[in-house]
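Here is the structure we will look at, set down as structure tokens.
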Amino acid sequence: MHVHGRPPPAVDAFTTPAERLHMPIRRARAVLALSAVAVAAATIAVAFNGTASAASTLGASAAERGRYFGTAIAAGRLSNSQYSTIAAREFNMITAENEMKWDATEPQQGRFSYSQGDQIVNFALSRGLKVRGHALAWHAQQPDWARNMSGQALRNAMLNHVTQVATYYRGKIHSWDVVNEAFADGGSGARRDSNLQRTGNDWIEAAFRAARAADPNAKLCYNDYNTDNWNDAKTQAVYRMVQDFKSRGVPIDCVGLQSHFTGGSNYPSNYRTTLSSFAALGVDVQITELDITNANATAYANTVRDCYAVPRCNGITVWGVRDSDSWRSNESPLLFDGSGNKKAAYNSVLSALNEGTPTNPSSPGQSSSQPGNGGGCTATVVPGTVWGDRYNTTVNVSGSTNWIVTVTLTSPQRVSTTWSGTFSWDSSGVVMTVRPNGSGNSFGFTTMMNGNSGARPSVSCRTA
């Protein structure tokens, strides 16, 4: 239950009033009890401030550095215990391979099917993992009824699809690939000829606007392949589109580079330039479908290092769990072999991830820029009292008085008390949306750890 009121008193940093009512009468036992709690609190504080040794899984290491390291999974493989165990243990972001695409979610016009997508989302959220949505609008994997449409009828059907699917998953998706692979290969820099493109050159913009209206808190991404080399015409064309969108206020928050590399030979030397150039436009950059022929360990590590060198490169996703699960399985391109064993590339990636500078999510001054609507809003986390099995958090907002802050917890943590804001939650109970209630530009909340003492909430801010 969520109780709205004033912040709990911080008279005692280690015990709640209820705990004090049940303190042993004898002084010696009281001292021992307090000492034990103090030791436990000190242990928790160490956990909050980072671990002494390097993280031992990909997702944990990325999370310590304010990023994610994810994988794409298929609902049909989740019954394989080796597959699902690796996915849950190693990664902190999950992408559905095919289960959220148009043919899967709307097989008949106006009749939506979310059962397979829900399997992916439930698998992730029940384990405290975030979800990338893939993909709302794409020229491929359309249902037959859409392939047979054109013109305004197809435009309307596409926009309805974007709206319905993004609305259904609202509050559960970290980032959406709103539009996928809309540019042609080769040196022309042109848009790909498709039934969607033939509805009008503004179809991509229309899809992004529909997605923002349907899910205001998700990050909205454009996703494509062969956009890794900064000098390529396709990369430059996508860059110009994003630049144009940002200049006109079209709601785009991120660019996804699929980065399907071939043994390192087409890992471009200017890859970092590509990442930083997109980021300089004011969007996040995500590596969304990484796989490398023969899992070249050097190319994998360099990809991680290039991402970490760009502050707005906030996540990497490999396209599959084991080699046997890959769409390029004959090229052995992933971090685990077909038997679930870690490969040399896994070790190189983990080492490169651990080289990054940790960010302490409970440190004063942690800020997070908002994901959309043109900027002008920053949310800063100020950690408060930790006591027993709970902790306080204050969030200060600057840059706007008309703000919306999204707070994301790590399950099974839950908010128990809030103050100085208007609060709402998604169905998972871990994503909280906060708006001002006339009390100023700060709000706070108390979180129950529920056995997870190391996690701290992430925040993002956007203007309303």
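Just so you know, all these numbers are worked out from the coordinates, no wet-lab data involved. Because the structure is predicted, anything quoted here is derived from the model rather than measured. Using ideal geometry, Cβ is built from the backbone for each residue, glycine included, and neighbour counts are taken over all protein chains shown.
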ask   = Between residue 127 and residue 357, what FRET efficiency comes out of the Förster formula 1/(1 + (r/R0)^6) with R0 = 35 Å and r the beta carbon distance, rounded to 0.05?
value = 0.85
remark   = Contour minus Cα-Cα span, residue 191 to residue 81, at 0.36 nm per residue, comes to 35.4 nm
query = Across the stretch 132-141, in residue order, what do the Karplus-derived ³J(HN,Hα) couplings come to in whole Hz, using 6.51 cos²θ - 1.76 cosθ + 1.60 with θ = phi - 60° and x for Gly and Pro?
reply = 9, x, 8, 9, 7, 9, 7, 6, 9, 6
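So, with +1 on the Cβ of K and R and -1 on the Cβ of D and E, and no other charges, what is the size of the charge dipole of the stretch 122-244 about its Cα centre, to the nearest 20 debye? Each step should come with its number before you reach the end.
Working: 15 positive and 12 negative charges, 99 e Å.
The calculated dipole for the stretch 122-244 is roughly 480 debye.
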query = How far apart, in nm, are the 7 Å Cα→Cβ label points at residue 389 and residue 115?
reply = 3.7 nm
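If packing is taken as the average number of other Cβ atoms within 10 Å across a peptide's residues, how do 60-71, 221-232 rank, most packed first?
Details: 60-71: 23.9, 221-232: 20.9.
Top of the packing list down: 60-71, 221-232.
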request  = Search the structure for amide H atoms under 5 Å from the amide H of residue 443, placed 1.01 Å from N in the peptide plane, and list their residues when 5 or more places away or on another chain.
outcome  = 395
request  = Would you mind checking which residues have amide H under 5 Å from residue 230's amide H? H placed 1.01 Å from N; only 5 or more apart, or other chain.
outcome  = 270, 274
key: Label-point separation in nm, residue 160 to residue 273, each point 7 Å along Cα→Cβ   = 4.7 nm
